[in-house]
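The values are calculated or read from the model by the stated rules, or taken from the named source; none is laboratory data. On a predicted model such as this, the values are computed, not experimentally measured, just so you know. Because the Cβ atoms are built from the backbone with ideal geometry, glycine has one as well, and the counts that use them run over all protein chains shown.
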Amino acid sequence: MDPLFETTIQNLVENTKKRIAEIEVSRDEKRMRTFKKAQCCDSFEKLFMVMMAHRENDLENKIKIYNENLEYLLECDQKRKVLLNQTEWRHYFHGTQRPEWC
């Protein structure tokens, strides 16, 4: 894929930190929903089904990946310019306008 957008490492660091915070909030909300459902259960079978449906591994994996990326980015020169393709743009700038629309 061709590079679409030019940014700096510092900008990538900021966006990675924001994304980690968003995922942590999402994980915490999911835990609260599961806890409330579990409190309403009146049998072990229902509680077991609620807990089996909880599954937060996907969120934990995302947090781990973003933390690894952040660790790498923090080691780089913060003012260095980088070119991102469409996939990288979606990864680092989740939820923002596509570069060609900016």
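Which numbered condition trips up Trp89, out of (1) exposed (fewer than 11 other Cβ atoms within 10 Å of the Cβ); (2) under 19 Å from Gln10 (Cα atoms)?
So Trp89 meets the others, but not (1).
Quick test of your reading of the structure: Glu60 fulfils all but one of (1) farther than 27 Å from Pro3 by Cα; (2) over 10 Å from the mean Cα position of the chain (by Cα). Name the failing condition by number.
Unmet for Glu60, out of (1) farther than 27 Å from Pro3 by Cα; (2) over 10 Å from the mean Cα position of the chain (by Cα): (2).
Please list, ordered by first then second residue, the pairs with beta carbon atoms under 7 Å, 6 or more apart or interchain, first in region 29-57 and at negative phi, second at pLDDT below 90 and part of a loop (DSSP other than H, G, I, E, B).
Lys30/Glu56
With respect to Lys79, determine if the residue is in contact (Cβ under 8 Å) with a residue 40 or more places away in the chain and surrounded by fewer than 15 Cβ atoms within 10 Å (Cβ to Cβ).
Taking the combined requirement at face value, the residue satisfies it.
Restricting to region 45-63, and then to whatever is farther than 19 Å from Arg90 by Cβ and among the basic types (Lys, Arg), can you tell me which residue is surrounded by the fewest Cβ atoms within 10 Å (Cβ to Cβ)?
Arg55
Going through Tyr72, Tyr66 one at a time, which residue ends up being hydroxyl-bearing (Ser, Thr, Tyr), modelled with pLDDT of 85 or more and more than 21 Å from Arg27 (Cβ to Cβ)?
It is Tyr72.
Across region 1-49, which residue is farthest from the chain's Cα centre (by Cα) among those that are among the aromatic types (Phe, Trp, Tyr) and in a helix (DSSP H, G or I)?
Result: Phe44.
Given the conditions (1) in contact with a strand residue (DSSP E or B) (Cβ under 9 Å, 6 or more places away or on another chain); (2) surrounded by fewer than 12 Cβ atoms within 10 Å (Cβ to Cβ); (3) of a type in the set (Asp, Glu), and given that Glu71 satisfies all but one, which numbered condition is not satisfied?
(1)
Out of Tyr66, Tyr72, report the one residue that is among the aromatic types (Phe, Trp, Tyr) and touching a residue at least 40 places away in the same chain (Cβ under 8 Å).
Every option except Tyr66 fails the conditions.
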